Amino acid sequence: MKLAGRRVEAVLSEEGQTALRLAGLDVPETALPVFFVEDTDELGMWVRLKREDGTHWLLVRWEFVLSVDFLPPERQRIGVGSRGGGS
Amino acid sequence: MGVEISVRGGGPISATEWDAIEAMPKEELPPLTSGQQQVARKMGIQEADYARTVLASKRGAEKSLEKAERFARFLKDCVRERMGGATLSRVALDTLQGKFEVEAQVDCRVLRFRVGEKLVDELFENGSELAEGRLNRVLDLAFRTRA
């Protein structure tokens, strides 16, 4: 499953949530953190963060990720030469 | 006969595209459906934030569809060149698996084969001759070993 370039909601372990708080993120108790995934590797997801001084990349390590949820749209169909035709 | 082109799994967007979506004022975001509003509430995500996710997902799907369409246009001639009368009938991009599923009509039968999305990206993004050669090999093998 390729997550790079997608916006995902992640359920993190307690340690993962603590790590995010230590990194200065506002992690509410009752909401899932939402990330734009820049890339993934064997260590985890590299996510994009907007901070006061610009864009940062943060590594969310796989060991702290309990689940990842993302929304792919419904299957889309067209025919060559007939763009705009619905499914 | 036309070619059916489809995309399963939407697709990624670039960081630059995400920046543009993130910077959009709330009023310009697409309204959520009632189902999407429910999901946003359940997940504790602000509606505007969820709308940005929905928009990113839609843009990603559009990009993938464009990629599949471009590949279909490229393949159409490749298929015809391999065998007179052969026609491309379907190109389905599965972005979750990273594969194109291709169907062509050959001698009243359906020829099915798969092509890796990475190979197509190599060809279109880098103009790689190696990728073109490998794609031709995939096509040759598909035609040579058809049932």
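Residue under question is B:VAL120, and the condition is that it be in a helix (DSSP H, G or I), modelled with pLDDT of 95 or more and either away from chain A (no Cβ under 11 Å) or surrounded by fewer than 16 Cβ atoms within 10 Å (Cβ to Cβ) (or both); does it hold? So that I can check it myself, show each step before the final result.
Values: in a helix (DSSP H, G or I): yes; modelled with pLDDT of 95 or more: yes; either away from chain A (no Cβ under 11 Å) or surrounded by fewer than 16 Cβ atoms within 10 Å (Cβ to Cβ) (or both): yes.
It is true that B:VAL120 is in a helix (DSSP H, G or I), modelled with pLDDT of 95 or more and either away from chain A (no Cβ under 11 Å) or surrounded by fewer than 16 Cβ atoms within 10 Å (Cβ to Cβ) (or both).
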- Note on the structure: For segment B:39-89, the count of residues that are of a type in the set (Lys, Arg), under 20 Å from B:LEU141 (Cβ atoms) and more than 10 Å from every other protein chain (Cβ to nearest Cβ) equals 2
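Do you know which residues across segment B:63-100 are among the acidic types (Asp, Glu), part of a helix (DSSP H, G or I) and touching a strand residue (DSSP E or B) at 6+ places or on another chain (Cβ under 8 Å)? I'd like the intermediate steps shown before the answer.
Step one: filter segment B:63-100 for residues among the acidic types (Asp, Glu), giving B:66, B:69, B:77, B:81, B:94.
In the following step, the residues that additionally are part of a helix (DSSP H, G or I) were identified as B:66, B:69, B:77, B:81.
Result: B:GLU69, single match.
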- Give the residues of segment A:9-56 that are over 22 Å from B:GLU117 (Cα atoms), outside any loop (DSSP other than H, G, I, E, B), of a type in the set (A, V, I, L, M) and within 14 Å of the chain's Cα centre (by Cα), sorted by residue number. A:ALA10, A:VAL11, A:LEU12, A:LEU20, A:VAL34, A:VAL47, A:LEU49
- Query: From the list B:GLY60, B:GLY35, which one is surrounded by fewer than 14 Cβ atoms within 10 Å (Cβ to Cβ) and either part of a helix (DSSP H, G or I) or hydroxyl-bearing (Ser, Thr, Tyr) (or both)?
  - Reply: B:GLY35
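Condition check: at pLDDT 90 or above, in contact with a helix residue (DSSP H, G or I) (Cβ under 9 Å, 6 or more places away or on another chain) and of a type outside the set (A, V, I, L, M). Does B:LYS63 satisfy that?
Values: at pLDDT 90 or above: yes; in contact with a helix residue (DSSP H, G or I) (Cβ under 9 Å, 6 or more places away or on another chain): yes; of a type outside the set (A, V, I, L, M): yes.
When the stated conditions are applied, B:LYS63 passes them.
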- Among (1) at pLDDT below 90; (2) over 17 Å from B:LEU139 (Cβ atoms), which single condition is B:ASP19 missing? (1)
- Task: Return a yes/no flag: does segment B:6-13 have any residue that is outside any helix (DSSP H, G or I), surrounded by 20 or more Cβ atoms within 10 Å (Cβ to Cβ) and more than 7 Å from every other protein chain (Cβ to nearest Cβ).
- Result: yes
- Mind checking which pairs have a first residue in segment A:30-46 that is closer than 11 Å to A:ARG61 by Cβ and a second that is small (Gly, Ala, Ser) and in a strand (DSSP E or B), Cβ under 9 Å, 6 or more apart or different chains? A:MET45/A:ALA10
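The values are calculated or read from the model by the stated rules, or taken from the named source; none is laboratory data. Here the structure is a predicted model, which is why all the values come from computation and not from measurement. Here Cβ is always computed from backbone atoms with ideal geometry, including for glycine, and neighbour counts include all displayed protein chains.
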